[in-house]
1. What distance in nm lies between label points placed 7 Å from Cα along the C-beta direction at SER177 and ASP87?
2. Provide the gained length on full extension for the span ASP288 to ARG214, in nm with one decimal, where the gain is 0.36 nm per separating residue minus the Cα-Cα distance.
3. How many Å³ per residue does the convex hull of the Cα positions in the range 199-306 occupy?
4. Report the local net charge at PHE318: Lys and Arg +1, Asp and Glu -1, summed over other residues whose C-beta lies under 15 Å from its C-beta.
5. Residues with beta-carbon under 10 Å from that of ASP87, excluding ASP87: net charge, scoring Lys, Arg +1 and Asp, Glu -1?
6. Quote the FRET efficiency, to the nearest 0.05, computed for SER338 versus HIS317 with a Förster distance R0 of 22 Å and r equal to the Cβ-Cβ distance.
7. For the range 123-268, count the residues as N, evaluate 2.2 N^0.38 Å, and divide the Cα radius of gyration by that value, please.
8. Output the pairs from LYS119/LYS193; LYS193/LYS282; LYS118/LYS282; LYS119/LYS285; LYS132/LYS193 with a Cα-Cα distance over 31 Å in this structure; if there are none, say none.
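The values are calculated or read from the model by the stated rules, or taken from the named source; none is laboratory data. Since this is a predicted model, take the numbers as computed values, not measurements. Glycine gets a Cβ as well: all are built from the backbone with ideal geometry, and neighbour counts include every protein chain shown. For the accessible areas, the whole protein counts, side chains as well, though only heavy atoms, and no ligand, DNA or RNA atoms are used. Shrake-Rupley method; radii C 1.70, N 1.55, O 1.52, S 1.80 Å.
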Amino acid sequence: VFRVREGLHRCSLGFEAMATRNCLPWTTVCRTVGAGYRAGHASDFGGCTVNPHVRWLVSTVGPAVKVGKSGRSQASIFDEELRRCSDAAAVLAVGRSTSLPFGVEDVRAFLDRLATLKKVPRVGGDLHFFVKKVSASLSQEGPGAAHFAMVRFGDLRCRQGLMAAWPLVQPHLDQLSPEDLSDAIWAASSIPKPPPEVVRDLGRAASLLAPRLRELPADELPQRLYRCLYGLARLSGPSHCQDFRRRAEKMLEEVLQSRGPCPWLPSQLVRLLWSLGRLGCKEAKIFDALEPRLRDVISEFSDRELEALYGILTDLHFFDQWHLIHDVERAMEARHESKPGDPNKAPRKSQFRRKWTRANPMTHSAAPRSASRRRFCTWTVTAASMQSWPGFVPE
């Protein structure tokens, strides 16, 4: 509930008795006062002003509310109630149970709590009502609040929230900082089945970010480059993001050739290689710089990551990286021998039902979409074919 710090703290007992005598719950009075005064409508609080004691409470307590520079209270009136929620469904139920409009601090409180609890329901009346209230609140705020909500919804993989926040951010892309642009690309790329206009807008965001890549913080640069490249590759690469790809390649090469530990996890290295191929990269230097980093962590890849890495290298015909292909093939054979199949497991009689999946290294070819004829590569590397490669020296 909303807590007033100064005058209300000294007189809370008297106010509570007054509210009880007039058949109004104390929490209702506090929420009404807080929300009404914050919205600037001290003369009309949803019908509660018919009670003279509540009207006097509003005029006395309202000026004591601590407000920030924007004229809104810094704490949300739902803070205490949100802390008691044990899962995301309960948080959405709290949002639907109130008829009060959300302020920007309420939106932040709800989204922060959802980000802590995770596993937000993908459908349902509570989610639809919550997104509708958040959208109504963001439409009255600046692009900063909409950008924050979009990034949070992206982390939560909430399509409804992303589709509500993106139209509020898109007109202001040219006003965002490089960090905010990279976050916007990453968040919007997580929209399942993105509409064509969103893909087109993401290409514009990438073109705006391209000349400002050097402005990104040095300590955050590797992860932000990875997120942008992987996010654009998941959307099959918007047609006008090639300038961004070329600039990002040069910066990636500098990071990969620098001394010290690799700034990316093994799984991120696989996705990075897949993203470069998906976006149409053909520069041998960047793949030569990636090869030693990949060979150093072959033992740390999962079985699916090894298969994906092998498929990427063969799809893109990286014959110059035959050392890496050979190491990956040997690692796959060693794991296959150490994990024999279950003799009691019968083969599946019917195929899995085909459904939409977001592009990723495990299911989609790394070759650019226009050049990819088949979804999966059936091409295999044999010892005989390796001997025909230029520069091959058998061990």
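1. 3.8
2. Result for the pair: 24.3 nm of gain on full extension.
3. Details: hull volume 10.2 nm³, N = 108.
Convex hull volume per residue, Cα atoms: 95 Å³.
4. Net of charged neighbours comes to -2.
5. Taking every Cβ under 10 Å from that of ASP87, the sum is +2.
6. On the way: r = 30 Å, r/R0 = 1.36.
The computed FRET efficiency comes out at 0.15.
7. 1.08
8. The pairs that break the limit, which is 31 Å between Cα atoms, are LYS118/LYS282; LYS119/LYS285.
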